[in-house]
Amino acid sequence: MEQIIQLNSNAKLSEHFSLGEFTKSGSHPEVYNIPSHEAIANLKRLCVWLEALREASPGPSKGRGAPIIINSGYRSPQLNRKIGGAANSNHLTGCAVDIRTSGMEQAICYAAILIKYSKESNQDFDELLIEKNRYGAVWVHFAVRPKDNRRKVAFLNA
């Protein structure tokens, strides 16, 4: 299968995050995964939180936050179907991100930072889930909607 070139993948959503990080698909590079303007606005809102997470995460040197690695961000309906995503996933609107972690301890640290940022900034999030699959991989699923955020926090075994 030939990989499809995604347009504007180098476009910056924030200081440390690009559109390409949120639209790449390692498992299905043949699927068009181009977000709407509304989804890009949602991704930019999400990046505000990710910049705060990056800044507060222990980094390789003093005064610098740790890089945040995106496993999954925006998903087109076609990509979401191919990977078996939920029909009402926040990924479809650019409101969700799955963040790679090195394990449960880092996932809990990320969750604590995001909750602290929520309290300090007086902003709500929709979902903060620590997920683990049957192979032992652990990641943080985090979502922020433009409105009607639920503050759902949970541990899930996928």
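The values are calculated or read from the model by the stated rules, or taken from the named source; none is laboratory data. The structure presented is a predicted model; accordingly, all values stated were derived computationally and were not measured. Glycine gets a Cβ as well: all are built from the backbone with ideal geometry, and neighbour counts include every protein chain shown. Accessible surface areas use protein heavy atoms only, side chains included; no ligands, DNA or RNA. Shrake-Rupley method; radii C 1.70, N 1.55, O 1.52, S 1.80 Å.
Couple of notes before you dig in:
- Members of region 116-158 found to be out of contact with any helix residue (DSSP H, G or I) (no Cβ under 6 Å at 6 or more places or on another chain), more than 19 Å from Thr93 (Cβ to Cβ), aliphatic (A, V, I, L, M) and modelled with pLDDT of 95 or more, listed by number: Ala137, Val153, Ala154
- Criterion violated by Ala154 - all others in (1) in contact (Cβ under 8 Å) with a residue 12 or more places away in the chain; (2) closer than 17 Å to Leu46 by Cβ; (3) not in a helix (DSSP H, G or I) satisfied: (2)
- For region 28-43, filtering for residues that are open to solvent by 40 Å² or more (accessible area, probe 1.4 Å), closer than 23 Å to Gly84 by Cβ and among the hydrophobic types (A, V, I, L, M, F, W, C) leaves 1.
- Ala87 vs. criteria in contact with a Leu (Cβ under 9 Å, 6 or more places away or on another chain), open to solvent by 20 Å² or more (accessible area, probe 1.4 Å) and at pLDDT 95 or above: no
- Just one of the numbered conditions (1) in a helix (DSSP H, G or I); (2) in contact with an Asp or Glu (Cβ under 8 Å, 6 or more places away or on another chain) is not true of Asn71: (1).
- Only residues that are open to solvent by 10 Å² or more (accessible area, probe 1.4 Å) and without any contact (Cβ under 8 Å) to a residue 60 or more places away in the chain were counted across region 112-122, and they come to 5.
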